[in-house]
Amino acid sequence: MSSLASLLGQSEIKHAVCEAFQSGIRTAVIFGREGTGKTMAAEAVVAELGGGYRTVRRVGEKLLRATQEAALQGVEVSAEGDTNSGAIVDVAQDVAELVEDGYVPFSRTLRRLLKRREEAKRATFLPKRKQEFLNQLIGGDPNKTPVLLADNLHYWDVDSLDFLAQLHNDVWKNLYPRLSELKIILVWTTDQADETFAERIDDLFADNKVEHKLERVEERRFAQLISAMGAPDGIPNQLIAELYAISGAHLRLVAELVSLFTSNSKSLQTILSDDPSTTKVLARMLQTRLSEAGPASEFLQRLFAALCIVGDKATEADLECLLEYPVAKISELLTLASDLGFLKDQQSVTAFTHDIIRRVYLEFLAPEERAWHQKYSECLKKIRPSDFGRRAVHLAAAGDESGAENARVMSLLQSIREQRILPTGENWLHQVEPVGAKTGQLIESLKQASALVAERKYDAAINLLSAKTFFVDDILLAEKDYFLARILSLIRTAASQARALALISDNPDLEEREPDLWRRFEELKLVVQRNLGQFRDARRTERELRQHYEMNMNFDYSAALGLTRLRRISDSIHNPRISNDRLKKAIVFLDPNGDQSNLTDPEEYVLCRNNLAANELVLGNFGSAYDHALRCWVFIDKFTSPVVRRPEIILSNVLVAQFLSKKIVSDEIDELLRLSRDFHSAGSDGVLITSNMGGLIIANGNYAQAEKYLEECRLEIEHYKDVFAYSRFHLFNNMMLAQWLQQKPWEESLAAAKDAANTMDEDSHNFAIRKMEMLTHALHEFAETPSIKCIDDMFASAPDQLGPEWALYGRAIAFSDLQFWTNN
């Protein structure tokens, strides 16, 4: 007797696809009518490929077909014990060896990062969600070949499908080298796709592919099929013919028929004697199967209805919120439904075992159950508050066009913040259609303001948004205020920061209505309060945010990441020792195994560890700072794709810590100077990086080169308002030193440093003024024999005069720690 796999043609496909992959073919396409075993065939290929491959699965959802990049969200990774971090388990060993050798290949890494950046500029802009998708796809064990199984391809949105074709055609392999190894398995259903879909697939995946079409078993072999699927022997030919007529050899229908035949033949005869239409037959089969659950069947019906509303799959939190059942009840029902063959578990989410079951239940939803779309949109605010795209879909399904329009606009603004859409050069309105004229006016104004911000024309952007009156929903007005407050926070004047704080205070009642917007306002408030030196108020804001995240962590996964981010961005409002305790907790959450092999969020991990290194610098623990900063740098070097957009910040901390702990200035400093210019601008962080690099050149004895480098930065920052006084102070401190060491006039730089100090917050102001007083005395005293050592000796002899920050700042050359207060 033939095996089921052989009978369906799956064995032949399995071997053919594996051989094609081994011969260098990139993509295999498996297609056919519904119920022909396409997904089974694809899974058989994955199993046959074996342990040398790592598979990521993504299944298209009909509900989200019109939502941009929907098919790239929620990537499901095969449960092979692999990780999404790049499996960089030897970072610690590499760091130990580099510290021992005393040589770190900084420029090699920086050149490669710069090359990636240039390639990214030349290529079509790669949005953040696509970056996240690729990080999932090509992360894991570098010794395993990545495989993408793209199922239900006919439900993929256009943007995701186009991106999949780019992966097939190697558009991104220069930026992500491991993509050259990628194998792709595409699965789609002919009778669920529109008539042009096959042609579109041929166009998108024209070359370097193999195709296999699965057909349903013919009537003459149907008896073999039901036998292979477990039917007992001796079934009359007439009944076999009826079974074939009803099922059409649809595997799901056949499985249900065989199950009923073996368990209750009377029920089967009843089903077959009534209306023979396929959908109704299957509905009656499923209902018969459901009756096995007894009194629980009514609850299961509601569970299935809820799952239909949510989409193709749901978490327990989704179902709990929609059904309002206790967690224990939901778990019990899910287990029962799985035992009955209705549902399957897909790594913390639940889905129907086959799309046809969902469609059957969807067709027979009661009117009151269809109204759950509105209820579920409210659930999304609670359990996934930033998923505006999905919320828009459900509000539209509920007939709430105004609410759907708001959600689409908020999704657009989220894409701008996360750089999934360029702030300039794209049609924003196209991303959110349909929208009313008044909403369109707001979007167009935000687009114009965003373009001005990209050119650092902050006053023009502020005037544009402040001068107009927008007649839109109050939530969209709050989004506009948030947009405006972010621009104001970029201008480092007390008046601008105070105005930003006032705008934030005008939007207090959002925690329940729009949790994600409230969180963003509160995080921005914390940053602004810190900028204004209102540290007590900032700590109060942090405490309220922390309590909010802790209350929501049980059902909102983003709250846990939010709490981790909060620990990082509140770094500068606490004593460094307190901040380090919090950062270490964040790192434990992000790296539960402690070896970078199972990172929750690689980017956030690097940002937190960098801040930890920066705090160690402030505390004077230079060896520890070097270790943490070097870990970040090695991680970036070894990671299979770009991790952070500001690697120069980490580089600065590594170089400073290396000098302070080892008294070593990298042999590559000249090359690093040249390369680093291509990374940073004359923003506040860029100025601090310039100051640190200039300080290292001074330490290397190249005073004229240092002055020239720092002077170029000074000329550039004259045109901008968004450079912190703290950053300007460090720049002029080192410029003054470089001039003094050459016995050139330095008083003008001293005056500029004092001017910057006068506009710093109170604590920093007192320290900076005291340092300038001490430096002025030393520069005059040693004017005839200038040297770094004489000034450092002077500071070392009076450590208490500069306060607790003396460890890092109490020296001739001003070095600064650099932290990530926002996500890049």
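The values are calculated or read from the model by the stated rules, or taken from the named source; none is laboratory data. This one's a predicted model, so the numbers in the text were calculated from it and none came from an experiment. As a convention, Cβ positions derive from the backbone with ideal geometry for all residues, glycine included, and neighbour counts pool all protein chains shown. Note: areas computed on protein heavy atoms with side chains; ligands, DNA, RNA excluded. Shrake-Rupley method; radii C 1.70, N 1.55, O 1.52, S 1.80 Å.
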Length gained if residue 203 through residue 506 is fully extended, taking 0.36 nm per residue and subtracting the Cα-Cα distance, is 103.8 nm
For 19-27, 48-56, ranked highest to lowest by mean beta-carbon neighbours within 10 Å, the order is 48-56, 19-27
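So between residue 763 and residue 191, what do we pick up on full extension, going 0.36 nm a residue minus the alpha carbon distance?
On the way: separation 572, 0.36 × 572 = 205.92 nm, distance 7.00 nm.
Going from the current span to full extension adds 198.9 nm.
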Among (i) 46.9; (ii) 40.9; (iii) 37.0, the entry matching mean projected area of the Cα convex hull in nm² as calculated here is (iii)
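For a quick protection proxy, order the peptides 215-221, 708-714 by their average other-Cβ count within 10 Å, most packed first.
Result, highest mean Cβ count within 10 Å first: 708-714, 215-221.
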Most packed first (mean Cβ within 10 Å per residue), the peptides 303-311, 466-474 order as 303-311, 466-474
If amide H atoms are modeled at 1.01 Å from N in the peptide plane, then the residues at a separation of 5 or more from residue 354, or on another chain, having amide H under 5 Å from its own are none
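Return the FRET efficiency for the residue pair residue 797, residue 539: r is the Cβ-Cβ distance, R0 is 41 Å, and the value is rounded to the nearest 0.05. Could the numbers behind the result be given before it?
On the way: r = 35 Å, r/R0 = 0.86.
So the FRET efficiency works out to roughly 0.70.
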Which residues qualify? For residue 145, with a placed amide H closer than 5 Å and at least 5 residues away or on another chain, they are 53, 54
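Excluding residue 294 itself, calculate the net charge of residues whose Cβ lies under 14 Å from the Cβ of residue 294, where each Lys or Arg counts +1 and each Asp or Glu counts -1.
Numbers: positive: 289; negative: 292, 298, 332, 339.
Here the count lands on -3.
Using just the helices of the chain, give the 222 nm mean residue ellipticity in deg cm²/dmol: DSSP H runs with n ≥ 4 each add -39,500 (n - 2.57), and the total is spread over all residues, rounded to 500. Kindly include the intermediate steps, with their values, before the conclusion.
Working: 41 runs with 506 residues, N = 824.
Theoretical 222 nm ellipticity from helices: -19000 deg cm²/dmol.
What is the gain in length, in nm to one decimal, between residue 335 and residue 704 on full extension, counting 0.36 nm per residue of separation less the C-alpha to C-alpha distance?
Working: separation 369, 0.36 × 369 = 132.84 nm, distance 7.38 nm.
Here the segment from residue 335 to residue 704 would lengthen by 125.5 nm.
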Any lysines whose Cα falls less than 22 Å from that of residue 344, other than same-chain ones fewer than 8 residues away, would be 38, 62, 313, 329
Mean separation of Cα contacts under 8 Å (at least 6 apart) over the residue count of the chain, i.e. the relative contact order in percent, is 11 percent
Applied in sequence order to the stretch 809-815, the curve 6.51 cos²θ - 1.76 cosθ + 1.60 (Karplus, θ = phi - 60°) yields integer Hz couplings, x standing for Gly and Pro, of 9, x, 7, 4, 6, 8, 10
Using a 1.4 Å probe on heavy atoms of the protein chains only, the accessible area for residue 588 in Å², nearest 10, reads 100 Å²
Given pairs 173/525; 584/771; 457/525 and cut-off 30 Å on Cα-Cα distance, the over-length ones are 173/525; 584/771
One finds the C-alpha centres of the stretch 528-600 and the stretch 135-151 to be spaced, in Å, by 31 Å
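Please give the per residue accessible area of the chain, computed with a probe of 1.4 Å over protein heavy atoms only, in Å².
Working: 33650 Å² over 824 residues.
Roughly 41 Å² per residue, with all protein chains present.
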